[in-house]
Structure formats: C-alpha cells, structure tokens
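J.: Take this structure first; my questions come after.
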Ligand SMILES: Nc1ncnc2c1ncn2[C@@H]1O[C@H](COP(=O)(O)OP(=O)(O)O)[C@@H](O)[C@H]1O
Ligand SMILES: [Mg+2]
C-alpha cells in the first residue's frame, strides 16, 4: 500500500461517500423486499378471479424513504451519536454531580402536591363531565401502573429477580377482593389489606420452589406461573365464573361512612342537589378513587424508600450484584429473595384489589402476559431501581397510549379510514426502541447510595450488574 | 445449627481440623484424603502448584462445595464446635464465623465502598432492626445500631487506607484496593477464621507490601486466625506460621515454613521433577544460590519487609 500517493482527503468526503453507498444498498434491499409485497397486490374481483394490481408509486415512495432515511442516519445521525458518546466518555467516568437544587431534591413532595390538586383543578377547568376522562382514564389508570411498577421494582430492580409473571399477584388481589366481597360482604377497607396479604402469601408459595432457579430459568418459570393462575381463573368456573368474569364487584366506600351506591341509605349523593345527583356522584367516586390510589402509591413509595435504606434493602441490592458473595457474608439468600418476592407481590395485590373496586368487573382477560410485559417495560424504561424514573416512564407509556387514542388529526392526514388506535402499539414499540438506544439503562441511570460517610454521590449504573438470580 | 455431637474433639488451641476430606468432580479427584489442622491465632498457609486443589479446599471449608467424604471441624473461641461439612455456606459464616475472600474478587461493584462494608454486617443489623419490622417504624435502638455499623465500617476503612474513597462505587477502585476492600468486608462479618484465596495475586510490589502490613495488623489487633492460599513463596515465608503443601489434591508436606522450604518433595513439586532426581536438583539449587549471593551481595528476595 502506498501511503504517499494518496491525496489528502477530508473526513466529511469519506462520510458522504459512505453514506451514499449505504443509502444505495438500503434502496436495493428495500426494493427487493417490497417489490413482491407492495409493488404487486392480488385481489379477488366479484367473479372470484385473481386480479393483479400494480402499485409502483407506493413502492417508489417506500424505497425512497429507505434511501433517504439511511442516508440521513449515516451522514448526520451517526457522527452526532459518536460525538455524544465521546462527550460522555470525556465527562467523569464514575459519579455524576449529585442533584443539589431545591426542586430536584424535593421532586417527590412537589409531585405529590401537584397530584393532590390535580382532580380539583380539572374539575374547575373542564367541568365535572369532562374531568372524568382526565381523572379516571389518565390519573387513576397511570397511578395503578405506577403502583404495580413500583411493586415489581422491588423484585426486578432491587433484588434483580426477573419476574415475568407479576400479573399473577395483581390477579390474586383483584379476585380476592371481588370474590370475598361478593360472597362474604366484606368491605373494601377490610379486604384491601387482606388482598395484599393473600398476594404476599401466594408470592411465598410460588417463590419457594422457583427462587432456587436463576436468571433465564427463573424468568421462564415465573412466566409459566402467571399463566397457570390465569388458567385456574378461567377454568375454576364454580368460584370465578370463568371467562365471563365477576360482575357487580362492590364499590369502595368512604371508610364505611358514606357509600357511593346511588340507592344506599348513606349514599354520598344525598349531599348534592337532587337533579345533579347521578352524574355528580359518579365523578365524585372517580375523584375519591384517585385520592385512594394516590395514597396507596405514596405509601408504596415511602415503604420502598425506607426498605431500601434498611439492611434488607441493601441485601436485595447486594443480591442483584453478586449472590455468591452475599452467601459468603452470611446472608440467607433464600429468605432474602422470598421477602423481595412477597413484598413485591403484596403491592401487586393491593393494586389488584383497587383495580377490582374501580372496574366493578374483572375477568381473566385483564391479567394476561401482555400486562406483565407492560409493567416490566415501565420498570426497565424508568431505570431499574429508581422510583422517580419509573413514575415518569409510567406517565409516558400509559399516558402515551391513552393519548394516542385522541390523535384525531392523524385522520385528516392519512384519510378517514386511518384509526390511530391500531397503530398505538407500533408507535409505542418505536418509542421504546428510541429510548433504549438513547438511554440504555433507563430514564434514570444513576443509583442513589443508601449510606454515605462524607457526601452522597450518585453511582453511575455502569458499575451495577443487572442481576442473574 | 449443626454443633458437633461430642464435645471437645478439637484441642483448645486448634481452630480448624480437616479430616480425611475427599472431593470428587465426576471422575476427577480434586482432593484426596486430605487431613490438616490450623491453630488458633496463627497464619496457616495452603500452598501448591496451580490446580492442586487449594481453592477447592476453601470451597469445602466455607460450604460452597459439599466434600464427597471426610469431616471438617471448627471450634470457636467460646468452645462451641461445628461440623462445617453439614452446614450451608451462609450458616458457616453466620454461626461458625468463618469468612472468606475469592480468588477472583467478588465485590458488589455497583454499591459504594461503605455499602459493601454495611452489607457485611447484615445479620447483626437485621437483628437490631427487629427483622426490619421495628426498624421500619423508626425504632430507636436500630438507629443507634445503624450508626455503630457505619463506625465499624469507618474503622475498617481506616485499616485499609480507603476512608477517602468511602462514597465511590467499589467497581471504581484499582485492583489492589479492591483486594483490600474484600478483606475488610470479610472482617466486617466478625469472623474467627478468615480464609484468603490468593490475596496477593496480581498486586504490584507496593500493594503487596500494604497487604502484608494489613494482614499483620489484623492478626495483632483482632482475635482471628488466618487460612491463606498463596502463590508467592516470599509472602508465605514472611508471614505464615505453618504451611500445608498440596499437590494433585494430596498433602505432600506440613510444618513450619523452614521445614517445608527444605522438604525435597516440595521442591520437586514446584520444579516438576521426579522424586529420585530431587537430590541432584537440590545440589544444583544450592550451587545457584551460592553463586547468586556471591554475585550481588545480600540480594535476598525474602528480605526483611517490616
Ligand atoms: N466446580 C468444579 N467442577 C469440576 N472441576 C473442578 C471444579 N472446581 C475445581 N475443579 C478442578 O479441581 C482441580 C483443583 O482446582 P482448584 O482447587 O481451583 O486449584 P487451585 O489449587 O489452583 O486453586 C482442578 O483440576 C479443577 O479443574
Ligand atoms: Mg485457586
């Protein structure tokens, strides 16, 4: 190779050439892939004969998209990423500056305060009818997932046990409340703790044989347990009414003092004007539920934060890091895992009981693997272990999917037949991929140490191990 | 708890006794009928060529492997005796007070240095937090115990010269400091027998010296006996009181460093020669050693490092 004869070349020249080459390649590949699927379309006409439609225009659009997209990625986005990476590496490798200012330190309290005002603000801004959507579809829905994800966070984020069947405990909680309140007439406030305890109990029962497994094996077995619980719910028709589900699950009451049943003697509605009663009572119930789940979330967060700073919480995180080292330090890893599993399950059970009271109807359909996957996605997306990151991820993911229902302007863009709901999952998946590319360790990728000698420094998660136990 | 059924089978100055221990992995006999004992307050070194089965002995003593045959007895300073081969790994640390480090360091890299030392005090803290329940409610004695735990961690950080790195992630430390931190972490569990698996492996001479100082300090200030696997003969000769030599899973020599150093079998094992050629080799070694001392005056590798 003769180095001397080469003319001096600017790096951007190189990049342009490479980008053009890769764009051409992408165009060829997409042409090859799409020519039969998109370019040619067969349909049956009225006489059941196959008709071949040619759609070269559409094909050209797709290929052009691929060419332009690839070109832009290689020419513009690539260097940008490289620069970002270099900048990151240049910054201190270890710890990042601790969040110091007032706003960041008290973010939890500020968020809690904002959420306390939220239903009232909505009521005042858009009126009782429209506020329902904001308080119930967005507020309550998101908070349920926040609570579930915080519960699962104890198992996956702290203890590092990959649990793909978390929804089983959600189901146990929901069915505990629904069935016990229907059969024995117990109230929401007695059954809420009971549902949590039952779910924790099931967590221990399932945990005992399962937690000897590690990593992928654990994931597969928990997945199977989630399905088993669902199948039991479907097939034990005498008790659970199978696929028909349980209808008429009683509503929660205000600590037994007022009821939200319209006809009850102590109905909360009696406090309102007679002609406004029914709709007002309904939105009052939703607002009440909002505050209930908000309080439950707050308790979950408080308990989790406290547990993290206790020896048991530290042992969970140590377990995620290195199980063998834990045992060499005298930590009984089986009971440590079991506590993580059962406390996580307990929060799932609480959320389940609340869910049943809110819906008034539950069926096994609500507890599929899809649900487990979403909860896990929230935990991973938020940054394993970070309550704040997880809450943000829940708002983005659950609120986002709700919001996609409302993108009516897309109809004017893509024609009246376009239904954004159908593309929700696609957009959702895309968003997840983007977040994971930009922030591979979740939205919050630093770990707050549980104790410090001189100053609290956040630990970059580059050092944490993901856990295989 | 698996206390030995008959009392007093170990004499008072014995801390650990391994009797006829055999460990098989499938067809491979990693340890073959090994017996030795370690005395209280001493540093017992376990040496031998690579693959001799030293780490396997440690794994059996600390419960990570169950020996195929044999007995392992441990006697605590209070007189309680334990059959280690019947106990599980975490019980051996918690009840029999045997603590260990690993040949390839196993720190909690994502936790801070201080947190590593606090995790090691898990059992004591669990008890004082009323198994989490009382601690969760903000019980006063737990708060005091937590403060004490931090103080104990600070003491050990001072011992290993790492106070200034207390709040950094353990994975961020250089290799030598990670080794020392692992030893401090093992000591935070309050052991009576500390097993160190090649603590000097991969250290530079300065780090190696710091390690020796640390081990001496541990022995002087704490009521703990040491079981030590070491490759570096000079380290072994300097700090150990008693040496056990393994080859192919069997004991080939046992005694004071001096005795072991001059044992023909040991020399043969380390140089890889047959037994009957040992005499020749010994003579050669002596010649070489003499030449060396004449060549550079007093260039002893096992010089005084105090
Ligand atoms: N878990 C295991 N499974 C199978 N063979 C093992 C295992 N652990 C150790 N061995 C074998 O036992 C022998 C002794 O190994 P080891 O105790 O690690 O030697 P060393 O003296 O170098 O520490 C080696 O041949 C090793 O391959
Ligand atoms: Mg070894």
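J.: For region B:44-56: of the residues being more than 7 Å from ligand 1 (Cβ to nearest atom) and crowded, with 23+ Cβ neighbours inside 10 Å, which is farthest from the other protein chains (Cβ to nearest Cβ)?
T.: Looking at the filtered set, the residue picked out is B:47.
J.: Has region A:357-365 got at least one residue that is within 14 Å of chain B (Cβ to nearest Cβ), buried (at least 22 other Cβ atoms within 10 Å of the Cβ), closer than 30 Å to residue A:254 by Cα and touching a helix residue (DSSP H, G or I) at 6+ places or on another chain (Cβ under 7 Å)?
T.: no
J.: Please work out if residue A:67 is surrounded by 14 or more Cβ atoms within 10 Å (Cβ to Cβ) and closer than 19 Å to residue A:78 by Cα.
T.: Taking the combined requirement at face value, the residue satisfies it.
J.: Of all residues in region B:152-205, count the ones that are closer than 27 Å to residue B:128 by Cα, within 10 Å of chain A (Cβ to nearest Cβ) and assigned to a helix (DSSP H, G or I).
T.: Counting residues in region B:152-205 that are closer than 27 Å to residue B:128 by Cα, within 10 Å of chain A (Cβ to nearest Cβ) and assigned to a helix (DSSP H, G or I) gives 9.
J.: Now a separate question. Given A:199, A:174, A:111, which one is part of a helix (DSSP H, G or I), closer than 17 Å to residue A:391 by Cβ and in contact (Cβ under 8 Å) with a residue 24 or more places away in the chain?
T.: A:111
J.: Which members of region B:113-132 meet the condition of being farther than 9 Å from residue B:185 by Cα, part of a loop (DSSP other than H, G, I, E, B) and facing chain A (nearest Cβ under 7 Å)?
T.: B:129, B:132
J.: I'm told residue B:110 meets every condition in (1) more than 13 Å from ligand 1 (Cβ to nearest atom); (2) modelled with pLDDT of 90 or more; (3) facing chain A (nearest Cβ under 8 Å) except one. Can you identify the failing condition by its number?
T.: Only one criterion in (1) more than 13 Å from ligand 1 (Cβ to nearest atom); (2) modelled with pLDDT of 90 or more; (3) facing chain A (nearest Cβ under 8 Å) is unmet by residue B:110, namely (2).
J.: Then there is this: Quick one: which residue in A:411, A:465 is in a helix (DSSP H, G or I), more than 22 Å from residue A:141 (Cα to Cα) and either at pLDDT below 70 or within 14 Å of another protein chain (Cβ to nearest Cβ) (or both)?
T.: A:411
J.: Would region A:382-391 turn up any residue that is on the phi < 0 side of the Ramachandran plot, free of Cβ contacts under 8 Å to residues at least 40 places away in the same chain and assigned to a helix (DSSP H, G or I)?
T.: No, the conditions are met nowhere in region A:382-391.
J.: What tally of residues in region B:18-58 results from selecting those that are assigned to a loop (DSSP other than H, G, I, E, B), away from ligand 2 (no atom under 13 Å from the Cβ) and touching a helix residue (DSSP H, G or I) at 6+ places or on another chain (Cβ under 9 Å)?
T.: Qualifying residue count, region B:18-58: 2.
J.: Moving on. If I ask for residues that are within 16 Å of ligand 2 (Cβ to nearest atom) and closer than 10 Å to residue B:99 by Cβ, which ones from region B:163-196 would you list?
T.: B:195, B:196
J.: Continuing with this model, one more query. Please work out which residue is farthest from residue B:54 (Cα to Cα), limiting yourself to region B:90-106 and to residues that are more than 7 Å from every other protein chain (Cβ to nearest Cβ) and part of a loop (DSSP other than H, G, I, E, B).
T.: Applying the filter and picking the extreme gives B:95.
A quick yes/no check of all residues on (1) at negative phi; (2) modelled with pLDDT of 80 or more; (3) within 16 Å of ligand 2 (Cβ to nearest atom):
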position: B:207; (1), (2), (3): yes, yes, no
position: B:213; (1), (2), (3): yes, yes, no
position: B:223; (1), (2), (3): yes, yes, no
position: B:241; (1), (2), (3): yes, yes, no
position: B:248; (1), (2), (3): no, yes, yes
position: B:283; (1), (2), (3): yes, no, no
position: B:287; (1), (2), (3): yes, no, no
position: B:294; (1), (2), (3): yes, no, no
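J.: For the condition away from ligand 1 (no atom under 16 Å from the Cβ) and within 24 Å of residue B:98 (Cβ to Cβ), what is the one hit in B:257, B:199?
T.: B:257
J.: Name the residue that is surrounded by the most Cβ atoms within 10 Å (Cβ to Cβ), counting only residues in region A:321-339 that are within 12 Å of chain B (Cβ to nearest Cβ) and touching a residue at least 40 places away in the same chain (Cβ under 8 Å).
T.: Result: A:321.
J.: Quick one: residue A:344 ticks every box in (1) part of a helix (DSSP H, G or I); (2) within 9 Å of chain B (Cβ to nearest Cβ); (3) under 23 Å from residue A:215 (Cβ atoms) bar one, so which box is it?
T.: (2)
J.: Return the total of residues in region B:59-73 being more than 14 Å from every other protein chain (Cβ to nearest Cβ), outside any loop (DSSP other than H, G, I, E, B) and buried (at least 23 other Cβ atoms within 10 Å of the Cβ).
T.: 1
The values are calculated or read from the model by the stated rules, or taken from the named source; none is laboratory data. Values in this document were obtained by computation on a predicted structure and should not be read as measured data. Please note: Cβ atoms are built from the backbone with ideal geometry, for glycine as well, and neighbour counts cover all protein chains shown.
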